[in-house]
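Asker: This structure is in structure tokens; I'll ask about it shortly.
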Amino acid sequence: MSIMATVKDISCDSEAQLADMIRTGGPFVVTGGGTSRIGLAEGDRLLWTGAQFDYDPGALTLVVSAGMAVDAVSARLAEEHQRLAFEPPDLGPLLGRDGARSIGGMVATNASGPRRVAVGACRDACLGVRFVDGRGKIVKNGGRVMKNVTGLDLVKLMAGSQGTLGVLTEVSLKTQPIPETTATLIFEGQTEVEAVNTMSRALGTPFDITGAAHLRQVADGTPARTLLRLEGIESAVRYRVEALQQRLSDLGEAAVEWEAAQSEATWRAIRDVTRFVGVPGDVWRLSVTPSEAPGLVAAIAPLDVIYDWGGGRLWLLMSAGTDVRAKMGKGHATLVRASDETKRALGVFPPENRLVAQLSKGLRQKFDPEQKFNPGMMG
Amino acid sequence: MDMPTPNPDLLAQKPKLVAQLRAVLPSDAVIDAPEEVRAYECDALTAYRCAPLVAVLPSTTEEVAAILRICHQMGVPVVPRGSGTSLAGGALPTADCVILGVARLREVIEINTSDRYIRVQTGMTNLSVTAAVESDGFFYAPDPSSQLACAIAGNIAMNSGGAHCLKYGVTTNNLLGVTLVLADGEVVEIGGAHMDAGGLDLLGVICGSEGQLGVVTEATLRILPKPEGARPVLIGFDSNEVAGACVADIIKSGLIPVAIEFMDRPIIRATESFAGAGYPDCEALLIVEVEGSPQEIADQLARITTIAKRHNPVEIRESQGPEESARIWLGRKSAFGAMGQMGDYICLDGTIPVGALPTVLKRIGELSEAAGHMVGNVFHAGDGNMHPLILFDANEPGQLESAEALGADILKLCVDVGGCLTGEHGVGVEKRDLMTHQFSPADLEAQMAVKDVFDPTWILNPAKVFPLAVSAGRRGAQ
């Protein structure tokens, strides 16, 4: 899927050099590994390659260059038995891209996986940012500490801004210990209404569910599965699996996957939307309230659907060119994978109410007055 | 601490302003008598006081919008006020301002336990939100110490935290949507009951904006299932360094306690003579609390005490039940009261990287001695959020000033070791003039640019957060 007409690649590793490039050039397509960009933009590809890495496992914090690869960072964290709690997805395969996803791209897209339902999104783990704005100004906000209310929070604003406000150069992130044990409870054969009800009940227990997803029956005969993940110290997980089974005993017998590697593969596939990789059709990502999800899915009638976040996030596989937004009530829909023509016709990012659109436009004008970054991508 | 000179034109226009406000509000919602507006002259930063021109107490979003339309048109500054518990002077008036109090916005709008959210008007107190969902087995997680009194509006404005945020996060992590009234009276819906923003994360920048961007009248908040139980362990050490090392080891072990609280010797002694919680007389005390089923709690506490024992503690006291838990927390919870009995105090809340704890405590000791003010330290150690309490005598001329100077030195120290000026109380007026120590002109310019978008004429809480010299050009444009 070609999204941009790249004239040339520009690579920088010093903020001063980057600022100079921005002041004198443009427009730019701000790029990390190029694996997760979904919006349409044209311009010179601007890459940031700094290598800062300052990790304090005892404080659960990490200061890292936005140019570093997520996998390399994860490997370094794993040496200290820690990880990025929000489970950032790798959408490269889904989008047909083969680059290495970067920290900057992860933050700029607020990439959050199944654990979001328990620990928050990428933006919730972002403690600080450094970036260069469209006027070539180097700006820092937040810091490296977990609690910080000093001044306005531009960290959250930068997270998920799709590179439209500035080029991230450095990010501070909260890390999380990797739990001793993971188990997944599996209910088979539930309808989507039953599945969301199961997930809501489970998420309403005090047992710290860190993943709640539902997958439809597969053509090969694998039945529909409702999946609930529990993580923690082993004795706690054993207790909670049993307690949860008791609370949900009226829903029938649940199988338990105790093999950590198997659980990891299952949740990684949900995280990366592997089910739709190589399957023809457009892919939409919806953010909704869980109890409204099954009705909405029935109204939209997608080719396939993945319920994540207890039903709060839906991945829909649709016939090419179909617009799902007409059926949406509350919440919003993002067009993640489609042809450029479809993306141009339907818009990638959800429409906003008049005032939100006005405020967002005002912010983009302040930070990038000449529209140098990903021009037109978010409106 | 300087505040802008009141605008004489606005003072002269008071009768016109009051008349316009009375035209859109019930008569008891407009307070203009000089002896009555004095009730709003300060918040919990009581060292600074100034009666506002007028105070208004709207009951609906429409009334808030009407007030802002009038003030916007007349160019009158508006200082939003929750319950007035700000320790940073966030709700401190100027003589030419309207105080907009949210105290009458107290309705629960919707409770949805299956989708785990509650929608409330923001004058509700923090604790009353939990009370509304408690019978369903849920709670609202952010738990600032003032939770009995503080309003959700103020929590959102200051991005309030609390002792238990190590596990549950602060307000921004628990806020899903708001109804925001902009400076010109336009009402905008941002976010909702769903989890993420579709476009720019405006909610993220509104939370913690200290009343600079708008007035939040309704909020959708995430609610969580109540844990099965919780129990603390008290661990005493004969050095701050060792206590700090123990905190780091607990965190590195993979456990996530819901709270790790730290008290130093001055605080331990003060609380002992005040509350008699039975704390050992030692250099540093940790209270580590974990949650779960009885068995989970026992397992986690066993691991924590094993780690603690490697650091040769002078005492380990594991709570065996609710009474003992209450006793362990008693001293911590009376720390502020205990210091208050010894004199007036300033409470700071700079945050530092956890690893810098021993260095910072040592340096605070030196600064305290040099300044001649006793400083007690009680804080959330798991996240490095310090709370140095500086004692002074308000009746002694010069004492407030020297205590404030010591406070400024301590906050600069927090920034210099890689931390920040404020972890949960906010900047307000208290730390306003220190902002240039943490931020470059470009950093502050970027933040002010956001305010320009939401509040182009700078009528909302204009003398806060940004040093007056830095914001002068913008405020002058009013």
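Just so it is clear, none of the values below were taken in a lab; they were calculated from the coordinates. Nothing here was measured: the structure is a model prediction, and the numbers come from that model. Positions of Cβ are generated from backbone atoms using ideal geometry, with glycine treated the same way; all protein chains shown enter the neighbour counts.
Asker: Dipole of the stretch A:299-379, Cα-centred, from +1 at each Lys and Arg C-beta and -1 at each Asp and Glu C-beta, to the nearest 20 debye?
Answerer: 280 debye
Asker: Also, quick follow-up: For B:ALA141, enumerate residues with amide H under 5 Å from its amide H, sequence gap 5+ or separate chain, H modeled in the peptide plane.
Answerer: Hits under the 5 Å cutoff: B:LEU224.
Asker: Which whole-Hz couplings ³J(HN,Hα) result when phi for each residue of the stretch A:249-256 is put into the Karplus expression 6.51 cos²θ - 1.76 cosθ + 1.60, θ = phi - 60°, listed in order with x for Gly and Pro?
Answerer: My calculation for the stretch A:249-256 gives 5, 5, 8, x, 6, 10, 7, 10 Hz in order.
Asker: Taking the Cα centre of the stretch A:68-139 as the origin and placing charges on Cβ (Lys, Arg +1; Asp, Glu -1), which of A:PRO88, A:ALA108, A:VAL132 is farthest toward the positive end of the dipole?
Answerer: After comparing all options, I get A:VAL132.
Asker: Please list, in order along the stretch B:202-211, the HN-Hα scalar couplings obtained from phi with the Karplus expression 6.51 cos²θ - 1.76 cosθ + 1.60 (θ = phi - 60°), rounded to whole Hz, x for Gly and Pro.
Answerer: Ordered by residue, 3J(HN,Hα) equals 5, 4, x, 8, 6, 5, x, 8, 6, x Hz.
Asker: Something else now. Computed FRET efficiency, Cβ-Cβ of A:THR49 and B:SER440, R0 30 Å: what is it to the nearest 0.05?
Answerer: Given R0 = 30 Å and the Cβ-Cβ separation, E is 0.80.
Asker: Could you derive backbone 3J(HN,Hα) for the stretch A:350-363 from the dihedral phi with the Karplus parameters 6.51, -1.76 and 1.60 (θ = phi - 60°), listing whole Hz in sequence and x where the residue is Gly or Pro?
Answerer: In residue order, the calculated couplings are x, x, 10, 5, 3, 6, 5, 4, 5, 5, 5, 5, x, 5 Hz.
Asker: Report, as an integer, the average count of C-beta atoms from other chains found within 10 Å of each Cβ along A:58-70.
Answerer: For this peptide, the per-residue mean of nearby foreign Cβ atoms is 3.
Asker: Students often get this wrong, so check it: of B:LYS252/B:LYS362; A:LYS140/A:LYS372; A:LYS174/A:LYS330; A:LYS361/B:LYS14, which have C-alpha atoms separated by over 26 Å?
Answerer: A:LYS174/A:LYS330; A:LYS361/B:LYS14
Asker: Other chains' Cβ within 10 Å of B:298-311 residues: what's the mean?
Answerer: Partner Cβ neighbours, averaged per residue: 1.
Asker: Go through A:ALA212, B:CYS414, B:GLY376 and say which Cα lies farthest out towards the positive end of the charge dipole of the protein assembly as shown; charges sit on Cβ, +1 for Lys and Arg, -1 for Asp and Glu.
Answerer: Farthest along the dipole direction, towards plus: A:ALA212.
Asker: Taking H as built 1.01 Å from N, whose amide H comes closer than 5 Å to the amide H of A:VAL336, not counting residues under 5 places away?
Answerer: Distant-sequence amide H within range of A:VAL336: A:VAL283, A:TRP284, A:ARG285.
Asker: Divide by every residue of chain A the summed helix terms, -39500 (n - 2.57) for each DSSP H run of at least 4, and state the resulting mean residue ellipticity at 222 nm, rounded to the nearest 500 deg cm²/dmol.
Answerer: Taken over chain A, the calculation gives -8000 deg cm²/dmol.
Asker: What's the angle, to the nearest 10 degrees (0 to 90), between helix A:260-271's Cα axis and the longest principal axis of chain A?
Answerer: Once rounded, one gets 60 degrees.
Asker: Still on this structure, I have one more. Straight-line reach from B:LYS431: which lysines have Cα under 18 Å away, leaving out those fewer than 8 places along the same chain?
Answerer: A:LYS147, B:LYS412, B:LYS464
Asker: Using helices alone, what [θ] at 222 nm do you get for chain B, with -39,500 (n - 2.57) per DSSP H run of 4 or more residues, divided over all residues and rounded to the nearest 500?
Answerer: Per the formula, -11000 deg cm²/dmol.
Asker: Taking the Cα centre of the stretch A:181-271 as origin and charging only Cβ (+1 Lys, Arg; -1 Asp, Glu), how large is the dipole, in debye to the nearest 20?
Answerer: 240 debye
Asker: Taking each pair of different alpha-carbon atoms in the stretch A:9-177 once, compute 1/r for the pair, average those values, and report the inverse of that mean as the Kirkwood hydrodynamic radius in Å to one decimal.
Answerer: 15.8 Å
Asker: Would you list which aspartates and glutamates come within 14 Å of B:LYS16, measuring only between C-alpha atoms, while excluding same-chain residues fewer than 8 positions from it?
Answerer: Within reach: B:ASP32, B:ASP96.
Asker: If amide H atoms are built 1.01 Å from N in the plane of the peptide, which residues on other chains or at least 5 residues away come under 5 Å of the amide H of B:TYR117?
Answerer: Long-range HN contacts for B:TYR117: B:ASN112, B:ILE223.
Asker: Quick one: dipole size for the stretch A:274-346, taken about the Cα centre, charges +1 on Lys/Arg Cβ and -1 on Asp/Glu Cβ, in debye to the nearest 20.
Answerer: Here the stretch A:274-346 has a charge dipole of around 140 debye.
Asker: Gain in length, A:ALA219 to A:VAL277, computed as 0.36 nm per residue apart minus the alpha-carbon separation, to one decimal in nm?
Answerer: Length difference between fully extended and current span is 19.3 nm.
Asker: List B:TYR48, A:TYR307 from most exposed to least, where exposure is judged by having the fewest other Cβ atoms within 10 Å.
Answerer: The fewest-first ordering by Cβ neighbours comes to B:TYR48, A:TYR307.
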